[in-house]
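Reading through the structure tokens given below for one structure.
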Amino acid sequence: MENCILPIELCEVIMDTIPSSPHFLTPREHDALVACSLVCTTWRTRAAVILEKRVNLESPQIVSQFAFTLRRESSGCRRADYISYLLLDWSRFKGDKNLSRAMELFMTPLPGLKILDMDDVHIDVSPRILRCMRPPLFTGITCLYFSDCKFCSWRAMLDIVWGCLKLEDLSLSHCSFGGNPATPDSIARLSVGQRSLRGCQYLKELDIWMDADMGRLLPGNVIFGDTLTKLKIGIPHYDTMDQEITPLFRDSFPHLESIHLWISRDSDRVVYRGPCLLLAFATGPSPRPALHSVFIYLRFDVFPEEHGGVSHGVPQLLELIIGRAGEWDGHPLRSLLTGLRRVKVKLHGSNDRADGEACARHVLSVLPDVHDILQVYIDPRIVVYPPETTSSSPHTMNLE
């Protein structure tokens with residue numbers, strides 16, 4: 001079959017709807033597009049374009065071969081022009097994962113690249129190389145995701161981040177960093193570097209999983225600028241949380257519009273020393289008139305029944321974020337955050353209404369002034385508070 005009897009525009013629309021995510025293709029979506037490419041020459045062209053938009057390079061050797069292939073392409077219809085999402089997933093690769101073995105990738109122009117995603121990559125690259133050369137790869141990147149990556153230093157990570165001048169979305173999950181902890185002198189130098197390199201001028205969304213090394217991010221506005229509007233933070237550790245995370249909130253990100261706090265119950269012992277995160281955030285020296293939404297996600301992965309079950313642990317986890325009754329005396333939340341319109345709490349791992357009701361009681365005992373903007377959910381996205389909300393339609397289940 002050399003030609004399709006259907007209008008090509010209709011065929012293209014149908015194939016464009018196959019990917020469910022702009023980031024990656026599921027195996028079934030990949031197989032469907034491959035099947036489309038075999039129908040006829042007309043379908044093959046469009047299917048190939050969609051397949052080429054998303055590239056996964058699973059080892060340094062594949063990266064080198066990929067960069068070599070792109071350099072040999074002639075002008076005209078080039079594969080490099082179609083790639084919009086590039087994934088370096090080296091989690092299954094057993095050899096040397098150092099990105100310095102694939103530096104030619106950074107010098108490969110990919111004019112359509114918007115998303116660079118690295119998983120389990122070791123980045124031990126001289127910061128001066130990235131700082132001075134402004135690699136062509138970074139030219140159009142708007143989204144940068146690091147997961148389980150190892151950096152030789154904070155500066156090595158920052159030079160990649162600051163090198164993406166159009167960056168809007170940054171994610172750091174379970175990353176580790178070499179070098180020394182931040183000092184006042186090093187923070188001052190970072191501040192100068194951030195301004196001189198014009199880094200993070202357009203950054204709007206930051207997603208951080210706060211492992212121990214993340215404590216050296218402080219203060220956040222020095223590293224990530226002050227344009228941030230959406231902040232997501234995952235909190236796995238309790239023993240050093242107040243030293244590591246609370247200072248991040250005190251004088252950072254003055255233009256925030258929403259904040260998302262994830263906290264996991266992966267231990268049967270939670271120690272609260274205060275102050276709570278939300279109080280530290282709301283009473284910082286920078287006013288936050290733009291903040292309108294606070295989202296709190298409590299995850300109960302391991303919560304043995306012999307320790308009281310989920311309901312027993314809800315107040316313990318909430319204390320870390322919103323504190324205890326009396327802690328806000330003289331500082332009502334909505335008088336500090338004057339634009340606040342939504343406070344939502346989601347309990348992951350519980351479908352018992354009693355857990356949601358215990359959560360709502362604790363929130364209202366600590367923050368009674370949020371009674372008219374509070375929503376509490378349990379799995380599978382069932383609204384528990386306010387009590388008159390009984391519908392489970394998609395509109396009431398939206399946590400964003």
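The values are calculated or read from the model by the stated rules, or taken from the named source; none is laboratory data. Because the structure is predicted, anything quoted here is derived from the model rather than measured. Here Cβ is always computed from backbone atoms with ideal geometry, including for glycine, and neighbour counts include all displayed protein chains. Heavy atoms of the whole protein, side chains included, go into the accessibility calculation; ligands, DNA and RNA do not. Shrake-Rupley method; radii C 1.70, N 1.55, O 1.52, S 1.80 Å.
Results, tabulated for the structure shown:
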{"item": "Surface accessible to a 1.4 Å probe, Ile18 within the full protein complex, Å²", "result": "40 Å²"}
{"item": "Contour excess over end-to-end distance, with Cα ends at Ala35 and His331 and 0.36 nm allotted per residue", "result": "100.4 nm"}
{"item": "Probe 1.4 Å - accessible area at Arg341, Å² to nearest ten", "result": "150 Å²"}
{"item": "Where labels lie 7 Å past Cα in the beta-carbon direction, separation of Lys204 and Thr229 in nm", "result": "0.5 nm"}
{"item": "Heavy-atom accessible area order for His174, His122, largest first, 1.4 Å probe", "result": "His174, His122"}
{"item": "Distance between modelled label sites at Arg361 and Thr26, nm, 7 Å Cα→Cβ extension", "result": "4.1 nm"}
{"item": "Protection proxy ranking of 101-107, 203-209 - average other beta-carbon atoms within 10 Å, highest first", "result": "203-209, 101-107"}
{"item": "Label-point separation in nm, Ser196 to Arg78, each point 7 Å along Cα→Cβ", "result": "3.2 nm"}
